[in-house]
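Undergrad: Got a structure for you, questions after.
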Amino acid sequence: SAILLAHKYTRAELMKLLVVLALSVPRLYIYSERLAILELVVPVVVVGAGWLSTRGPKQRTIARAIPVAGIALVIVTFAFFEYFRSWMFYRMHGEDSFPTFVMNRLAGYYATAINNGAVIIDHMSWPGRLPYDTLESFWSVQGIYQLRLYERLGGHDRPYPKTFDPDSPYYRVLEQYANPEFNNPSGYEAPFVDYGPIGGLVFFFGLGLVAGLLYRHFCRGSLGGLLVYPMFFTGLVEWPRYMYWVQGRVTYAWVGLAAVIVGVLITERRARRRE
């Protein structure tokens, strides 16, 4: 919808986009899940920045300023939700002001994620472990998850639980070496845990190539670049906390994007045949 709006404004398309954004708000409050809104807003902002960059000099200046403004907006959004989520408790049990609490808490999410990644590499890379961190969406697909295919093939429990489970390997390691309250595993560790030091470097190299190609296709306005890069960019900014692209929640978005691309290509081919 954001891409179509950038091409041509219509009230119907704007309403579609607003409805989807509004539907994410209950999930945000019910599950205290800030990502529910951010994973929708970030791709829209990427599309908007791309659209502004094709306008005049003033619009291009605004597009270049969006990343800096985005950081400030993330801090404000984080502060708003932390006020209702955690501040009520820490205000009674601490001495920091609210701004200091917010900045420490926000920095803590990223610092502890990097630390957790190191803990995973040191204490969860056991011999014979099947790749999981970079293939989580596959092991979490309905049917495969219920069949416990990962457990059957690997001969051990899933490293990370689908929902909170204090008896899972990951939370037991966090209790011993880190802090279960900050449980983001980081995305940087994933390829090294799954494929070893050399395999991890090769994985990073390949992912860098994919990022560059998608960005160039996005700038050229090709179908795949326009549809895939905005969502791919969300994974880039979330990478310090975890590998967004392979989360089970993203699987259906990838399927939807693939369906749209295939549908457009089939329609174009039929149109050429009729011509």
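The values are calculated or read from the model by the stated rules, or taken from the named source; none is laboratory data. Nothing here was measured: the structure is a model prediction, and the numbers come from that model. Cβ coordinates were reconstructed from backbone atoms using ideal geometry, including for glycine residues, and neighbour counts include every protein chain displayed. Calculation scope for accessible area: heavy atoms of the full protein, side chains included, ligands and nucleic acids excluded. Shrake-Rupley method; radii C 1.70, N 1.55, O 1.52, S 1.80 Å.
Undergrad: Report the one residue of Leu213, Gln146, Gly128 whose Cα lies farthest in the direction of the positive end of the charge dipole of the stretch 126-239 (charges on C-beta: Lys and Arg +1, Asp and Glu -1; origin at the Cα centre).
TA: Leu213
Undergrad: Still on this model: Using a 1.4 angstrom probe, figure out how much accessible area the chain has per residue, in square angstrom, rounded to the nearest whole. Before the final figure, lay out the partial values.
TA: Values: 16600 Å² over 275 residues.
Dividing the accessible area of the chain by its residue count gives 60 Å².
Undergrad: Using a basic spin-label model with each label point 7 Å from the Cα along Cα→Cβ, how many nm lie between Phe80 and Thr267?
TA: Between Phe80 and Thr267, the simple spin-label model gives 3.4 nm.
Undergrad: Using a simple charge model, +1 on the beta-carbon of Lys and Arg, -1 on the beta-carbon of Asp and Glu, nothing else, what dipole does the chain show about its Cα centre, in debye to the nearest 20? List each step's numbers first, then the result.
TA: Values: 27 positive and 20 negative charges, 347 e Å.
Result for the chain is approximately 1660 debye, rounded to the nearest 20.
Undergrad: With only alpha-carbon pairs counted, each pair once and no self-pairs, how large is the Kirkwood hydrodynamic radius of the chain in angstroms? Mind showing how you got there, number by number?
TA: Working: mean 1/r = 0.0473 Å⁻¹.
This gives a value of 21.2 Å.
Undergrad: While we're looking at this one, here's another question. Once you place label points 7 Å from the Cα toward the Cβ at Ala69 and Leu236, how far apart are they in nm?
TA: That separation, rounded to one decimal, is 1.9 nm.
Undergrad: Against the empirical 2.2 N^0.38 Å scaling, what ratio does the C-alpha Rg of the stretch 16-142 come to? Working shown, then result.
TA: Working: Rg = 19.2 Å, N = 127, 2.2 N^0.38 = 13.9 Å.
My calculation over the Cα atoms of the stretch 16-142 gives 1.38.
Undergrad: If you don't mind, there's one more thing I want to ask. Using r as the Cβ-Cβ distance of Thr10 and Arg220, and R0 as 25 Å, what FRET efficiency do you calculate, to the nearest 0.05? Don't jump to the answer; show the numbers that get you there.
TA: Working: r = 24 Å, r/R0 = 0.97.
Here the calculated transfer efficiency is 0.55.
Undergrad: Which three numbers, in whole Å and largest first, are the semi-axes of the equivalent ellipsoid of the stretch 191-275 derived from its Cα gyration tensor as √(5λ)?
TA: Details: eigenvalues 180, 42, 30 Å².
So the three semi-axes of the stretch 191-275 are 30, 14, 12 Å.
Undergrad: Tilt of helix 248-274 relative to the longest C-alpha principal axis of the chain, in degrees (0 to 90, nearest 10)?
TA: With both axes taken from Cα atoms, the answer is about 20 degrees.
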